[in-house]
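None of the figures in this text is laboratory data; all of them are computed from the coordinates on show. Here the structure is a predicted model, which is why all the values come from computation and not from measurement. Here the Cβ is made from the backbone with ideal geometry for all residues, glycine too, and neighbour counts use every protein chain on show.
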Amino acid sequence: MDKQPFDIGVALDRIEQAVQPWPKAALFQLAEEGFTSTFEQLLACIISIRTYDEVTLPVSRNLFARARLPAEVARLSWEELDPLISPSTFHERKAHQILAIAREVEERYGDTLPCDRDVLLSFAGVGPKCANLVLGVACGTPVISVDIHVHRVTGRWGYVKASTPEKTLAALEATLPQRYWIDINRLLVPFGKHICTGNRPKCSTCPVLDMCRQVGVDEHR
């Protein structure tokens, strides 16, 4: 059938309703639970790297039950911190990174890590995806965080055409209205996990099928 023109505002409104039954992306869920500081969100993002949200959430809560402020985390030894985050992937390395960040933040900024992208990117282990996600969730800064779900879904729609998440970020910055920059990650992570999945997407139940170009979709449900 003929596809409707892709209206991103309409698409995200429909997806907002469609993802209601599913868990929120980890950092957005943690923010709803009160873990809203830049420092807390940064630590949660580090924990989330190569780690499922289903693991990131309890691990982050476990850490924050023990220590939330930079000074509190900095006082932990590696031997104390590593078991707190051990269910996450590469936890040994992450424990070293978190301790180094906590000590630097305490020394340079005290209790409050500033909402500054250059500062976030200066820490070992923090890349553009994490920096943008933290700025969006903790600070409300209009930035786009592109993970594999945002990359796959926006390409499948035909909304942007890019070969990597990094190129998708640049394409979205040029195309996506700024008012949607934070929400695109909040909505497309659960949408990409549960509806527009990597293999055999559930096109028959997709709320934006009438607009989607289904780029690269060979088999679907």
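Taking just the alpha-carbon atoms of the chain, what radius of gyration and Dmax come out, in angstrom?
In order Rg, Dmax, the Cα atoms of the chain give 18.3, 62 Å.
List the cysteines in the chain whose Cβ has no other cysteine Cβ under 4.7 Å from it.
Unpaired cysteines in the chain: Cys196, Cys203, Cys206, Cys212.
Report relative contact order for the chain in percent, whole number only (criteria: Cα-Cα under 8 Å, sequence separation at least 6).
Working: 291 pairs, mean separation 53.8, N = 221.
In percent, rounded to a whole number, it is 24.
Under 21 Å from the Cα of Lys24, which lysines turn up, not counting those fewer than eight places away in the same chain?
Straight-line reach from Lys24, under 21 Å: Lys129, Lys193, Lys202.
Counting Lys +1, Arg +1, Asp -1, Glu -1, what net charge surrounds Gly125 among other residues with beta carbon under 11 Å of its beta carbon?
Details: positive: Arg93, Lys94; negative: none.
Summing Lys/Arg as +1 and Asp/Glu as -1 gives +2.
Going by how many other beta carbons lie within 10 Å of each one, how would you line up His220, His149, fewest first? Could you put the intermediate results ahead of the total?
Working: His220 15, His149 22.
Starting with the residue having the fewest Cβ neighbours, the order is His220, His149.
Quick check for me: using +1 on Lys/Arg Cβ and -1 on Asp/Glu Cβ, what's the dipole size of the chain about its Cα centre, in debye to the nearest 20? Intermediate results must be reported in sequence, preceding the final value.
Values: 25 positive and 27 negative charges, 133 e Å.
It works out to roughly 640 debye.
For the chain, what does the helix formula give at 222 nm: sum of -39500 (n - 2.57) over DSSP H segments with n ≥ 4, over the residue count, nearest 500 deg cm²/dmol?
Details: 12 runs with 120 residues, N = 221.
Theoretical 222 nm ellipticity from helices: -16000 deg cm²/dmol.
Mean separation of Cα pairs under 8 Å and 6+ residues apart, divided by the residue count of region 26-139: what relative contact order is that in percent? Please report the intermediate quantities before stating the final value.
On the way: 132 pairs, mean separation 39.8, N = 114.
Across region 26-139, relative contact order equals 35 percent.
In percent, what relative contact order does region 88-209 have, based on Cα pairs under 8 Å that are 6 or more apart in sequence?
Numbers: 105 pairs, mean separation 21.8, N = 122.
After rounding, I find 18 percent.
At a 10 Å Cβ-Cβ cut-off, how would you order Leu121, Leu30, fewest neighbours first? Numbers along the way, then the final one.
Numbers: Leu121 13, Leu30 25.
If I rank by nearby Cβ atoms, fewest first, I get Leu121, Leu30.
Listing Cys45, Cys203 from the residue with the fewest other Cβ atoms within 10 Å to the one with the most, what is the order? Walk me through the numbers before you get to the answer.
Numbers: Cys45 27, Cys203 17.
In increasing order of surrounding Cβ atoms, one gets Cys203, Cys45.
So how compact is region 26-139: Cα radius of gyration and Dmax in angstrom?
Expressed in Å, the Cα Rg and Dmax of region 26-139 come to 12.3, 33.
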